[in-house]
Amino acid sequence: MHILCSICSDLLNQAENIYVTKCGHMFHYQCLSQWIERSRTCPQCRNKVTERCMYRLFPNVSNEAGGEDVATLQSRLDDVLLKLRQHRASCKEHEDKAAETEAQLNKNVAIVKSLEKQLAQRETAFSALKEQLEYLKIQNSETQKLKEENENLKKNMQTLNGLQKVLNATSAEVEEMLEGYTDVKTVATFATALKRALCESENKKNDTRDRLQAVKQKLAAEKSIVADLQSKLALADDRLTTICRKYKALKHKRKSDALEVPCAPDSPSTSKRLKRDPDPLVDLTDNNNSFNTMVVNIENSDSPYLRLQQSSLALSTLTLATQPANPAKSLPDKNLKPSEYAVLNSARNIQNSKPSQSKSTSIFQKKDPTKISLSQENDPNLSLMNISYNGLGGHSKLDTFPTPKQPEPKTRIPRLTAKHKLKRPVQTASSNQDIRKMLQNID
Amino acid sequence: MAAMSPSERRLQKELMSLMKEPPPGVTVDGDQASQNLTLWTVHMEGVPGTLYEGEKFVLQFKFTNKYPFDSPEVTFIGNNIPVHPHVYSNGHICLSILTDDWSPALSVQSVCLSIVSMLSSCKEKKRPPDNSFYVKTCNKNPKKTKWWYHDDSV
């Protein structure tokens with residue numbers, strides 16, 4: 001027999017408190033008492049029920065079959081099923097939760113991955129930036145160094161500028177500039193630089209003064225040489241004039257002789273030749289001696305302006321030309337110039353040939369003898385009148401006084417002047433050039 | 001789960017018996033009920049030979065943890081609310097056993113039988129006379145309504 005409590009629909013077992021109402025319905029005590037608190041009625045028949053009219057039942061239940069009958073098993077099965085259902089439900093719930101969580105986890109994993117990727121990117125970017133920073137730092141330090149260097153250089157440049165100004169500008173400007181400077185070092189630098197410049201300029205000045213002295217001395221020497229030469233020239237001129245005078249006198253004499261004795265020109269001509277012979281020789285030797293000594297002097301001179309030994313314009317030709325003048329009669333020199341050769345030849349001719357020959361060939365005796373012969377041969381009256389043709393289409397009266405129109409000076413003067421001209425320009429030109437060079441060197 | 005409350009035990013038993021031996025025209029949504037034992041959905045068919053023949057209604061049972069000492073909250077839900085003098089258009093049912101005359105000896109099965117008999121005994125399909133007023137002013141919970149029962153005969 002299985003009795004159910006209609007409130008909880010569980011079995012009424014022996015162990016539990018079974019209560020019965022006045023109307024005979026059985027319930028568990030807990031169930032009935034709980035209901036009676038709400039309503040004092042019987043749950044089954046709605047009759048009045050109070051605490052007093054409830055009675056406990058004590059049934060005697062047989063122990064034979066135990067709890068193994070169908071009803072007990074059914075109730076147990078129900079319980080188990082219920083539990084199973086609940087477990088299933090909770091399991092499903094948990095499964096759902098697990099799925100949800102897994103989804104979330106997957107999502108989170110994806111997020112983590114993306115974040116990791118981002119982190120890696122950031123890290124690389126960070127490292128790149130770090131490197132860049134490092135590089136920039138290095139650059140910055142370099143720039144700083146350069147800046148400092150630049151600053152130093154600027155300072156140096158300023159000092160140098162100041163120095164330049166100190167050296168070049170006017171004193172007023174320098175003073176004005178120096179007032180602005182407070183740096184002792186800079187000023188000291190300026191002072192040393194100025195001192196150095198001063199020393200240099202002093203040295204230069206001394207040098208220049210020495211040079212000037214030397215040049216002056218040389219000038220004086222030159223002047224003395226020039227004066228010497230001039231005096232010599234004057235002497236020579238004097239001699240020349242005296243000789244000319246002598247010659248004219250002789251000519252005149254001879255003329256007068258010829259007029260007196262036209263057929264005997266031998267003696268005067270020979271005398272003239274004899275007289276004349278030593279003259280040019282003396283003259284020449286004289287001249288040549290002085291000239292040669294001068295040339296040798298010039299050649300051997302230590303003067304920087306007269307270094308003719310090294311110069312191309314050596315005076316050897318001059319010495320060669322003049323030296324043969326002494327033995328001119330015997331030695332025809334191949335080194336002589338054609339003009340000089342001709343002159344020498346003519347001189348030889350004069351010495352070697354007879355007066356008649358000389359009259360006809362020599363340029364020195366060209367007109368007078370012919371004229372004289374004409375006058376002698378054709379018309380002595382004409383010669384008395386002292387009128388003669390000069391060969392230039394006119395006629396001239398014969399001068400009674402000795403005239404300066406002689407052939408000898410013509411021969412001598414061209415030689416001398418030619419040599420002079422040859423010598424002087426060479427000397428002056430070379431000296432001038434040398435002086436110029438010297439000045440350039442000095443500059 | 002080991003400590004199951006008395007209300008749950010009873011509900012579980014009731015659900016099992018209802019699913020095993022349901023009254024005619026009544027089926028319980030076992031899955032939903034087993035998911036949540038405090039909220040049942042019961043499908044009900046109009047009993048043949050009555051005014052509600054061929055109609056289908058849905059009842060909702062809400063239980064508190066004081067069940068069976070506390071009565072369940074029973075309302076019609078869904079689109080088809082039976083037109084009946086004791087059923088308001090919002091689904092509230094005027095039935096004494098659901099409030100004052102509730103007894104712990106009653107069950108979901110007995111409530112369902114009572115409602116089926118109530119519907120079956122209806123002679124004229126009409127709303128309660130104070131339907132519109134009640135619907136406007138009533139609480140959501142029909143148990144809070146102080147019912148006065150018009151007709152004890154039904």
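The values are calculated or read from the model by the stated rules, or taken from the named source; none is laboratory data. All figures in this text were calculated on a predicted structure; none of them were measured in a lab. We place every Cβ from the backbone using ideal geometry, glycine too, and count neighbours over all the protein chains shown. To get the accessible areas, we keep the full protein, side chains included, count just its heavy atoms, and leave off ligands, DNA and RNA. Shrake-Rupley method; radii C 1.70, N 1.55, O 1.52, S 1.80 Å.
For the list (1) within 26 Å of residue A:7 (Cα to Cα); (2) away from chain A (no Cβ under 14 Å); (3) in contact with a Leu (Cβ under 7 Å, 6 or more places away or on another chain), I need the number of the one condition that residue B:73 fails.
(3)
Only one residue in A:20, A:49 is touching a helix residue (DSSP H, G or I) at 6+ places or on another chain (Cβ under 7 Å), at pLDDT 85 or above and over 18 Å from residue B:6 (Cβ atoms). Which one?
None of the others qualify; the one that does is A:49.
Can you pull out every residue in region A:165-175 that is part of a helix (DSSP H, G or I) and surrounded by 12 or more Cβ atoms within 10 Å (Cβ to Cβ)?
Selection gives A:165, A:166, A:167, A:173, A:174.
All but one of (1) within 14 Å of chain A (Cβ to nearest Cβ); (2) out of contact with any helix residue (DSSP H, G or I) (no Cβ under 7 Å at 6 or more places or on another chain); (3) open to solvent by less than 60 Å² (accessible area, probe 1.4 Å); (4) assigned to a loop (DSSP other than H, G, I, E, B) hold for residue B:100; which doesn't?
For residue B:100, the failing item is (3).
So in region B:49-59, with the set limited to residues that are of a type outside the set (A, V, I, L, M, F, W, C) and touching a Gly at 6+ places or on another chain (Cβ under 8 Å), which one is least open to solvent (accessible area, probe 1.4 Å)?
In this case the residue turns out to be B:52.
Please go through region B:11-48 and pick out each residue that is small (Gly, Ala, Ser) and either in contact with a strand residue (DSSP E or B) (Cβ under 8 Å, 6 or more places away or on another chain) or closer than 16 Å to residue B:113 by Cα (or both).
B:17, B:25, B:33, B:46
Considering only region B:89-96, I want to know if a residue exists there that is in contact with a strand residue (DSSP E or B) (Cβ under 7 Å, 6 or more places away or on another chain) and either surrounded by 21 or more Cβ atoms within 10 Å (Cβ to Cβ) or within 14 Å of another protein chain (Cβ to nearest Cβ) (or both).
yes
Say we look at region B:106-145 and pick out the residues that are within 18 Å of residue B:38 (Cα to Cα) and not in a helix (DSSP H, G or I); which of these is farthest from the chain's Cα centre (by Cα)?
Only one residue tops the list, namely B:140.
Since residue A:151 meets every condition but one in (1) under 30 Å from residue A:190 (Cα atoms); (2) open to solvent by less than 100 Å² (accessible area, probe 1.4 Å), which condition does it not meet?
Unmet for residue A:151, out of (1) under 30 Å from residue A:190 (Cα atoms); (2) open to solvent by less than 100 Å² (accessible area, probe 1.4 Å): (2).
For residue B:34, are the conditions met, namely being open to solvent by less than 30 Å² (accessible area, probe 1.4 Å) and in a loop (DSSP other than H, G, I, E, B)?
no
Might you check whether a residue that is away from chain A (no Cβ under 11 Å), β-branched (Val, Ile, Thr), open to solvent by 50 Å² or more (accessible area, probe 1.4 Å) and not in a loop (DSSP other than H, G, I, E, B) occurs anywhere in region B:11-30?
Yes - at least one qualifying residue is present in region B:11-30.
Output yes when any residue across region B:45-59 is of a type in the set (Val, Ile, Thr) and farther than 22 Å from residue B:96 by Cβ, and no when none is. Can you show your working first?
Filtering region B:45-59 down to residues of a type in the set (Val, Ile, Thr) leaves B:47, B:50, B:58.
The next check asks that each one be farther than 22 Å from residue B:96 by Cβ; those that pass are B:58.
Yes - at least one qualifying residue is present in region B:45-59.
It is to be established whether one or more residues within region A:14-26 are open to solvent by less than 60 Å² (accessible area, probe 1.4 Å), aliphatic (A, V, I, L, M) and in contact (Cβ under 8 Å) with a residue 40 or more places away in the chain.
Looking through region A:14-26, at least one residue is open to solvent by less than 60 Å² (accessible area, probe 1.4 Å), aliphatic (A, V, I, L, M) and in contact (Cβ under 8 Å) with a residue 40 or more places away in the chain.
Give B:58, B:42, B:87 a once-over and let me know the one that is on the phi < 0 side of the Ramachandran plot, of a type in the set (A, V, I, L, M) and free of Cβ contacts under 8 Å to residues at least 24 places away in the same chain.
B:58
Quick one: residue A:45 ticks every box in (1) without any contact (Cβ under 8 Å) to a residue 12 or more places away in the chain; (2) surrounded by 11 or more Cβ atoms within 10 Å (Cβ to Cβ) bar one, so which box is it?
(1)
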